[in-house]
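Take a look at the structure below.
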Amino acid sequence: MIRLSTCILHLVLAVGLATTAAAQENLQRGAKTSQTEKTFTVVKELPITSVKNQWRSGTCWAFGTLGYLESEILRQTGKTYDLCEMFVVNHDYMDNATHYVRMHGYSQISEGGSCDDVLEVISRHGICPEEAMPAPGSLVGDSLANFKVFFPELERTVQSIVQKEAKAPKPHWQDSVQTVIDHYVGSCPETFVHEGRTYTPQSFAESLGLHLDDYVSLTSFTHHPFNQWFVIEAPYKWRLKPSYNIPINKLMDALDRALDAGYTVAWGGDVSGDFTINGLAELPDSVQPSQQTRQEQWDDWRFTYDHVMLIFGKAIDEQGRPYYMVKNTWGKRGPYKGIWYMSRDYIALNTTYLFLNRRALPKDLRKATLRNK
């Protein structure tokens with residue numbers, strides 16, 4: 001996450017990126033741009049909250065997942081919330097540092113994450129509205145999240161805790177890490193006032209009406225058995241939370257059924273290939289998505305996990321080809337003001353996981369995901 005957006009692990013950059021910090025920058029410098037602006041006819045569009053901007057931070061996972069949960073609250077209550085991404089980032093980066101120390105340094109410190117991170121933070125620590133914390137980039141002279149100075153300092157601090165040949169980590173290391181995080185991201189409030197009422201982060205989370213046990217991650221790969229749980233082997237899935245593995249046709253069916261039933265879906269996948277800077281994601285005519293192609297491209301790193309967004313609708317183009325309407329986390333850029341149109345084939349090939357409400361699933365899949373999670 002270095003410029004304009006930060007959510008892309010593109011190993012072609014040959015720097016072994018340890019963060020997802022370059023997505024928008026990569027796209028702006030060299031990604032494809034569509035030669036003609038397409039027009040779409042909306043088939044299904046569900047209510048969402050406003051488009052946000054992760055700016056110079058590798059936090060699409062926080063912005064995308066909170067945008068999804070905001071849409072869930074909107075669906076259930078009709079109320080619009082702007083939940084605080086930096087509250088989640090603060091706690092999650094502390095958890096990431098703790099994981100690094102417990103692994104004796106044999107893990108990575110990363111700006112990136114997944115939908116599971118957000119759910120875990122809210123479950124353990126609660127959440128607050130955006131206005132309850134300082135503007136995320138205010139301490140580094142930016143009006144938005146800017147991690148260009150922050151994250152290298154955090155990496156140095158955490159890496160210094162686990163010294164070579166040491167028999168124990170540095171004493172009181174948590175204090176030094178938390179100081180760095182608070183300095184750049186802002187301190188999480190213990191209490192705050194929202195609409196005339198005083199909350200703690202935990203009581204505010206409870207007031208939102210979310211049932212955190214309802215949410216499930218679905219995936220589709222053949223290097224693990226179908227109809228079982230497994231942890232997706234991706235750099236930013238450091239929490240090791242499992243996803244339920246099903247064939248790709250069933251995964252796409254689950255997506256369509258959810259949208260048709262009025263449920264939005266959080267999407268974790270790849271934007272390092274045929275993803276344009278002008279709001280389109282579609283495959284070349286020569287590429288046909290299949291279970292085998294997905295696996296081959298995952299195994300040889302052509303397909304990876306580098307971005308999280310919100311799918312909130314369906315549309316068709318001038319030729320009647322199906323697309324999904326997706327809320328990105330890069331601000332209101334492009335001809336569709338922050339909305340991307342991703343072809344059905346693109347989604348089928350480049351989805352790492354779908355994160356959604358279990359109640360939106362077909363009955364048999366809903367029952368299956370209740371077991372052994």
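Annotations
- Computed lengthening from PHE230 to LYS148, 0.36 nm per intervening residue step minus Cα-Cα distance: 26.1 nm
- Taking 0.36 nm per residue of separation and subtracting the Cα-Cα distance, full extension of the segment from ARG75 to ASP317 would add 84.4 nm.
- Accessible-area rank, largest first, for TYR106, TYR341: TYR106, TYR341, with all protein chains present and a 1.4 angstrom probe.
- Cα centroid separation, region 150-178 to region 100-141: 17 Å.
- For LEU280, the residues 5 or more places off, or on other chains, whose built amide H falls under 5 Å of its own are TYR341.
- Here the accessible area of region 68-219 is 49 percent carbon and sulfur, with a 1.4 angstrom probe and all protein chains present.
- GLU282 sits with roughly 60 Å² accessible to a 1.4 Å probe, with DNA, RNA and ligands left out of the calculation.
- Amide H contacts of TYR215 (H built 1.01 Å from N, in plane; Pro and chain starts excluded): ARG358 sit under 5 Å, all sequence-distant by 5 or more or on other chains.
- Low-density loop positions, trypsin sites (Lys or Arg not before Pro), region 195-275 - DSSP coil, at most 11 other Cβ in 10 Å: none
- Accessible surface area normalised per residue over the chain is 43 Å², counting heavy atoms of protein chains with a 1.4 Å rolling probe.
- Relative contact order for the chain, counting Cα pairs under 8 Å that sit 6 or more residues apart, in percent: 23 percent
- Checking every one of the GluC sites (Glu not before Pro) in region 180-248 against DSSP loop status and a limit of 14 other Cβ atoms within 10 Å picks out GLU190, GLU195, GLU233.
- In order along region 92-98, phi translates into HN-Hα couplings of 5, 5, 5, 5, 5, 5, 4 Hz, rounded to whole numbers, per the Karplus curve 6.51 cos²θ - 1.76 cosθ + 1.60 with θ = phi - 60° and x for Gly and Pro.
- Remark: region 48-64, residue by residue, has Karplus-estimated 3J(HN,Hα) of 9, 8, 5, 6, 10, 9, 6, 6, 8, 9, x, 10, 4, 4, 6, 5, x Hz, where x stands for each Gly or Pro and the curve is 6.51 cos²θ - 1.76 cosθ + 1.60 at θ = phi - 60°.
- For region 210-219, 3J(HN,Hα) computed residue by residue from phi via the Karplus equation (6.51, -1.76, 1.60; θ = phi - 60°) reads 7, 10, 5, 6, 7, 9, 9, 10, 10, 9 Hz, glycine and proline entered as x.
- Counting only protein chain heavy atoms and rolling a 1.4 Å probe, the accessible areas of THR329, THR157 rank, largest first, as THR157, THR329.
The values are calculated or read from the model by the stated rules, or taken from the named source; none is laboratory data. As the structure is a prediction and not an experimental result, all values here were calculated from the model. Positions of Cβ are backbone-derived with ideal geometry, glycine not excepted, and every protein chain shown enters the neighbour counts. What goes into the accessible areas is simple: the full protein's heavy atoms, side chains included, and nothing from ligands, DNA or RNA. Shrake-Rupley method; radii C 1.70, N 1.55, O 1.52, S 1.80 Å.
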